[in-house]
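Okay, so here's the structure we're looking at.
Values in this text are rule-based calculations from the coordinates and carry no lab data. Note that the structure is predicted; figures quoted are calculated from it, not measured. Because the Cβ atoms are built from the backbone with ideal geometry, glycine has one as well, and the counts that use them run over all protein chains shown.
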Amino acid sequence: MTHRMRFAIALCHLGHGRLPNLVEAIERGRIATARDTSAKAEADAAMIASLTGTLTVRDANRIVVETGGVGYEVLIPLSTYYRLAATGDRVALEIRQVVREDSITLYGFSSATEKNAPSIF
């Protein structure tokens, strides 16, 4: 029995619909299961993985990287700040994009190792 079938049966036991119609809808992909939506959320969360461009603003906790005529505000840890080039120079960062209900935030790191370390944000 697949995960989708168990999900359909559980919903029917709760009185949310008729079993044959619900199973058919899930099998045809009309209803997404929790597993489907969490996998989609993980894929969507990794939309921006790196950023290369000109450093236009350099503060201790945030920078702005301009690329293609767009300035991206990126929050950074101090370890990345100390490794950054001067304002006006070209930079390349590993990015972790965090999507929340009310914001989309970019966190920048100087290396993939730093990006994959336990999050302090």
Output wanted: per-residue J couplings in Hz (rounded whole) for segment 78-88, from phi through Karplus 6.51 cos²θ - 1.76 cosθ + 1.60, θ = phi - 60°, x for Gly and Pro.
4, 4, 6, 4, 5, 9, 6, 6, 6, 4, x
May I ask you to list the chymotrypsin sites (Phe, Trp or Tyr not before Pro) in segment 41-105 that are in a DSSP loop and have at most 12 other Cβ atoms within 10 Å of their Cβ?
Tyr82
Per the rule of 0.36 nm per residue minus the C-alpha distance, extending Leu78 to Thr113 adds in nm 11.1 nm
Less than 13 Å Cβ to Cβ from Thr80, Lys/Arg counted +1 and Asp/Glu -1: what total charge do the surrounding residues give?
+2
Indicate the gyration tensor shape class of segment 50-116 (rounded, prolate or oblate), computed on the Cα atoms with a ≥ b ≥ c the square roots of the eigenvalues: a/c under 1.5 is rounded; otherwise a/b larger than b/c is prolate and the rest oblate.
oblate
Mind listing which GluC sites (Glu not before Pro) in segment 80-121 are in a DSSP loop and have 16 or fewer other Cβ atoms within 10 Å?
Glu101
